[in-house]
Amino acid sequence: MTDAALSPPPARPSAFHELEVLWVHHWTPQLFSFRVARPDDFRFRSGEFVMIGLPGEDGGKPVLRAYSIASPCWDEQLEFLSIAVPDGPLTSRLVNIKPGDSVLMGKKPTGTLVLDALTGGDTLWLIGTGTGLAPWLSVARDPDTYARFGRVIVCHTVRNVADLGYRDFFTSGIHDDPLIGEEAAAPAPSSPTSACPPASRPSATASCCAAQWP
Ligand SMILES: Cc1cc2nc3c(=O)[nH]c(=O)nc-3n(C[C@H](O)[C@H](O)[C@H](O)COP(=O)(O)OP(=O)(O)OC[C@H]3O[C@@H](n4cnc5c(N)ncnc54)[C@H](O)[C@@H]3O)c2cc1C
């Protein structure tokens with residue numbers, strides 16, 4: 001018997017990164033955001049998605065689902081915006097993550113909601129419902145977006161006003177962003193919050209627009 005026959009086969013590299021959770025914010029009981037440390041070798045284009053998951057319970061297979069990356073491609077942390085589906089195989093557990101916990105992340109980001117897929121134009125409309133805002137959070141925080149388009153308008157439509165988790169960011173926080181704050185701070189055509197229904201109608205369809213004009 002040769003040495004090769006005696007030695008164990010080389011370990012296959014894992015298909016997933018195991019990443020530390022750095023931050024969690026619950027917007028509502030059904031909607032939360034979290035950030036993880038970004039692996040040094042992880043590259044993606046703003047707007048792409050990646051598989052996110054948790055180890056299987058009782059040693060079972062990991063539970064993985066597609067997630068849009070909500071942070072821009074230059075950010076040192078990776079941000080995600082997640083629904084919590086009651087009895088959902090992943091999110092009924094993911095909703096309980098805390099800083100210091102670990103999540104699994106696939107190594108191959110992909111997707112077509114990226115700037116490369118677009119021809120140029122004056123105005124870029126980024127329209128999303130619910131967690132469909134996630135890829136636009138990434139694209140709208142990427143300086144390349146403002147280099148390509150004269151104006152960028154983000155529309156977020158949700159079932160409940162409380163689900164407009166990023167409204168404050170789009171109406172004021174984005175103005176402080178060191179990379180895109182200047183472009184995003186240009187006067188909007190109308191008050192961004194005027195499109196949002198009053199909090200006294202919490203079950204109305206709500207939408208919120210943040211706009212950037214040249
Ligand atoms: C390309 C892609 C990108 C995605 N990006 C995100 C993201 O950024 N954030 C996110 O929360 N989810 C996203 N999803 C959905 C995500 O993959 C999971 O379905 C979701 O996290 C629920 O997982 P689960 O295992 O708990 O329940 P699942 O068994 O996967 O879903 C149960 C049911 O919940 C409903 N549902 C699932 N996800 C959503 C959702 N996001 N909004 C409303 N209803 C939903 C559907 O009716 C679904 O049949 C994306 C899906 C795709 C295909």
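Could you list all residues from region 118-156 that are assigned to a strand (DSSP E or B) and charged (D, E, K, R)? I'd like the intermediate steps shown before the answer.
Of all residues in region 118-156, those assigned to a strand (DSSP E or B) come to 121-129, 149-156.
Within region 118-156, ASP122, ARG151 qualify.
Only one of the listed residues (GLY111, GLY120) is out of contact with any Leu (no Cβ under 6 Å at 6 or more places or on another chain), among the small types (Gly, Ala, Ser) and at positive phi. That residue is GLY111.
If we keep just the residues of region 135-161 that are under 12 Å from LEU179 (Cα atoms), of a type outside the set (A, V, I, L, M) and surrounded by 18 or more Cβ atoms within 10 Å (Cβ to Cβ), which is farthest from the chain's Cα centre (by Cα)? Outline the logic, then answer.
Filtering region 135-161 down to residues under 12 Å from LEU179 (Cα atoms) leaves 140-147.
Adding the requirement that they be of a type outside the set (A, V, I, L, M) leaves 141-146.
Next cut, surrounded by 18 or more Cβ atoms within 10 Å (Cβ to Cβ) only: 141-142, 145-146.
On the way: ARG141: 11, ASP142: 13, THR145: 16, TYR146: 19 Å.
Ranking the qualifying residues of region 135-161, first place goes to TYR146.
Test GLY165 against the stated conditions and say whether it is touching a strand residue (DSSP E or B) at 6+ places or on another chain (Cβ under 9 Å), in a loop (DSSP other than H, G, I, E, B), more than 30 Å from PRO13 (Cα to Cα) and within 15 Å of the ligand (Cβ to nearest atom).
Numbers: touching a strand residue (DSSP E or B) at 6+ places or on another chain (Cβ under 9 Å): yes; in a loop (DSSP other than H, G, I, E, B): yes; more than 30 Å from PRO13 (Cα to Cα): yes; within 15 Å of the ligand (Cβ to nearest atom): yes.
Yes, satisfied.
When THR28, THR112 are checked against the criterion of being near the ligand (Cβ under 10 Å from one of its atoms) and surrounded by fewer than 17 Cβ atoms within 10 Å (Cβ to Cβ), a single residue qualifies: THR112.
Could you tell me which of the residues GLU48, GLU57 is of a type outside the set (A, V, I, L, M, F, W, C), modelled with pLDDT under 95 and within 16 Å of the ligand (Cβ to nearest atom)? Step by step, each of GLU48, GLU57 is checked, and only GLU57 is of a type outside the set (A, V, I, L, M, F, W, C), modelled with pLDDT under 95 and within 16 Å of the ligand (Cβ to nearest atom).
Kindly evaluate GLU20 against the criterion of being in contact (Cβ under 8 Å) with a residue 60 or more places away in the chain and more than 21 Å from ARG141 (Cβ to Cβ). Give the steps one after another, and end with the answer.
Values: in contact (Cβ under 8 Å) with a residue 60 or more places away in the chain: yes; more than 21 Å from ARG141 (Cβ to Cβ): yes.
Considered against the rule, which asks whether it is in contact (Cβ under 8 Å) with a residue 60 or more places away in the chain and more than 21 Å from ARG141 (Cβ to Cβ), GLU20 comes out as yes.
Looking at SER7, SER102, SER33, just one residue is of a type in the set (Ser, Thr, Tyr), more than 9 Å from the ligand (Cβ to nearest atom) and touching a His at 6+ places or on another chain (Cβ under 7 Å), and that residue is SER33.
Got a sec? Which of VAL85, VAL95 is surrounded by 15 or more Cβ atoms within 10 Å (Cβ to Cβ) and more than 25 Å from LEU179 (Cβ to Cβ)? Steps first, please.
Working: VAL85 fails: surrounded by 15 or more Cβ atoms within 10 Å (Cβ to Cβ).
Selected residue: VAL95, the only one of VAL85, VAL95 that is surrounded by 15 or more Cβ atoms within 10 Å (Cβ to Cβ) and more than 25 Å from LEU179 (Cβ to Cβ).
On the stretch given as region 60-99, residues that are within 14 Å of the ligand (Cβ to nearest atom), part of a loop (DSSP other than H, G, I, E, B) and touching a helix residue (DSSP H, G or I) at 6+ places or on another chain (Cβ under 7 Å) total 6.
The values are calculated or read from the model by the stated rules, or taken from the named source; none is laboratory data. What you are looking at is a predicted structure, and each value in this text was computed from that prediction instead of being measured. In this analysis, Cβ positions are derived from the backbone assuming ideal geometry, glycine residues included, and neighbour counts consider all displayed protein chains.
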